[in-house]
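Asks: Before I ask anything, let me first share the structure, which is written out below as structure tokens.
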Amino acid sequence: MKIAIQQNAKVLAMFAVACTAMVGVVNYLTKDTIARQEEQQLLDTLHQVIASSRLNNDLYQDCQFITDNDLLGSSNPQTAYIARMDNIPVAVAITAIAPDGYNGNINLLVAINVDGTISGVRVLKHKETPGLGDKIEIRKANWIYSFDGKFIDGEKDLRWAVKKDGGMFDQFTGATITPRAVVKAVHNALLYFNTHKNEIVTNTTSCRVISND
């Protein structure tokens with residue numbers, strides 16, 4: 001009996017090692033494909049918030065890391081993508097986080113024209129409640145389009161809130177926390193841009209690591 005148990009243990013151990021090796025091989029073989037898919041998905045989203053007809057630079061490469069825990073929602077670096085036409089900046093798309101969503105972080109892409117108006121906003125990732133908070137997605141509702149063309153009028157623009165709080169943005173039935181968090185995050189991203197616009201659009205350092213391989 002003892003020998004049988006030892007043999008079974010060896011078989012299980014070998015099986016575990018084989019499975020681990022297979023997972024490693026699959027990850028190695030698919031990582032480049034996954035990276036390309038993620039890049040294409042990001043590019044598609046970038047061109048949703050900044051029309052491709054407005055720029056002729058490589059939007060994915062023309063980027064820089066930015067950090068502001070208070071206005072961008074995280075101590076981790078976020079990314080600013082600069083759209084240019086004939087080397088003249090026309091808009092900037094900034095990744096930002098709404099840390100106070102109903103179910104945690106809501107990752108956003110906020111595109112801002114150089115005149116300080118919103119070009120477009122998209123949700124990149126979230127865990128909000130299906131059927132309630134997920135109306136922040138364009139495939140669920142048109143609510144996210146309500147930011148288009150908006151701007152901050154003065155230091156204390158009280159319009160940047162949901163209507164329940166006296167602002168100009170609709171809330172969702174049964175889900176006020178989610179839209180409130182997104183409105184606050186977009187407002188803060190716009191504040192960050194208004195404060196740092198010159199240094200963002202004049203920086204020529206790419207956030208992408210160029211390999212010689």
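Asks: At 0.36 nm per residue, minus the direct Cα-Cα distance, what do Ser75 and Asp153 gain on full extension? Give it in nm, one decimal, please. Walk me through the numbers before you get to the answer.
Replies: Values: separation 78, 0.36 × 78 = 28.08 nm, distance 2.72 nm.
Contour length minus the Cα-Cα distance gives 25.4 nm.
Asks: Right, next: Return the FRET efficiency for the residue pair Thr33, Glu137: r is the Cβ-Cβ distance, R0 is 25 Å, and the value is rounded to the nearest 0.05. Before the final figure, lay out the partial values.
Replies: Numbers: r = 25 Å, r/R0 = 1.00.
Efficiency at R0 = 25 Å is approximately 0.50.
Asks: Report the FRET efficiency, 1/(1 + (r/R0)^6), for Leu43 and Cys207, where r is their Cβ-Cβ distance and R0 is 22 Å, rounded to 0.05.
Replies: Numbers: r = 15 Å, r/R0 = 0.66.
With R0 = 22 Å, the Cβ-Cβ based efficiency is 0.90.
Asks: If you roll a 1.4 Å probe over the heavy atoms of the protein chains, what accessible area per residue do you get for the range 65-213, in Å²? Each step should come with its number before you reach the end.
Replies: On the way: 7730 Å² over 149 residues.
So the range 65-213 comes to 52 Å² accessible per residue, rounded to a whole number.
Asks: Given R₀ = 25 Å, FRET efficiency for Tyr145-Asp58 by Cβ-Cβ distance, to 0.05? Each step should come with its number before you reach the end.
Replies: On the way: r = 27 Å, r/R0 = 1.07.
Between Tyr145 and Asp58 the formula returns 0.40.
Asks: Could you tell me the distance between the Cα centroids of the range 47-75 and the range 116-164, to the nearest Å?
Replies: Result: 17 Å between the Cα centres.
Asks: Could you give the nm distance between label points at Thr117 and Phe15, where each point is 7 Å from its Cα heading toward the beta carbon?
Replies: Taking the simple label geometry, Thr117 and Phe15 are separated by 6.4 nm.
Asks: On to the next question. Give, as a single signed number, the net charge of other residues whose beta carbon lies under 13 Å from the beta carbon of Ile66, with Lys and Arg counted +1 and Asp and Glu -1. Walk me through the numbers before you get to the answer.
Replies: On the way: positive: Lys197; negative: Asp68, Asp70, Glu199.
Charge balance near Ile66 sits at -2.
Asks: Let me ask something additional. Given Lys164/Lys197; Lys125/Lys150; Lys135/Lys197; Lys135/Lys184; Lys127/Lys184, which pairs have Cα atoms separated by over 20 Å?
Replies: Over 20 Å apart, Cα to Cα: Lys164/Lys197; Lys125/Lys150; Lys135/Lys197.
Asks: Work out from phi, with θ = phi - 60° and the Karplus expression 6.51 cos²θ - 1.76 cosθ + 1.60, the ³J(HN,Hα) of each residue of the range 164-170, listed in order in whole Hz, and give x for Gly and Pro.
Replies: Computed from phi, the couplings for the range 164-170 are 4, 9, x, x, 10, 9, 5 Hz.
Asks: Oh, and also: Please report the carbon-and-sulfur percent of the accessible area for the range 146-213; probe 1.4 Å, protein heavy atoms only, DNA, RNA and ligands left out. Working shown, then result.
Replies: Details: 2010 of 4110 Å².
Looking at the range 146-213 in its full context, I get 49 percent from C and S.
Asks: For the range 160-203, what is the relative contact order in percent, using Cα pairs closer than 8 Å and at least 6 residues apart in sequence?
Replies: Values: 29 pairs, mean separation 12.1, N = 44.
Taking the mean separation of contacting Cα pairs over the length of the range 160-203, I get 27 percent.
The values are calculated or read from the model by the stated rules, or taken from the named source; none is laboratory data. None of these values were measured; they are calculated from a predicted model. Positions of Cβ are backbone-derived with ideal geometry, glycine not excepted, and every protein chain shown enters the neighbour counts. Just so you know, the surface numbers come from the protein's heavy atoms only, side chains and all, with ligands and any DNA or RNA stripped out. Shrake-Rupley method; radii C 1.70, N 1.55, O 1.52, S 1.80 Å.
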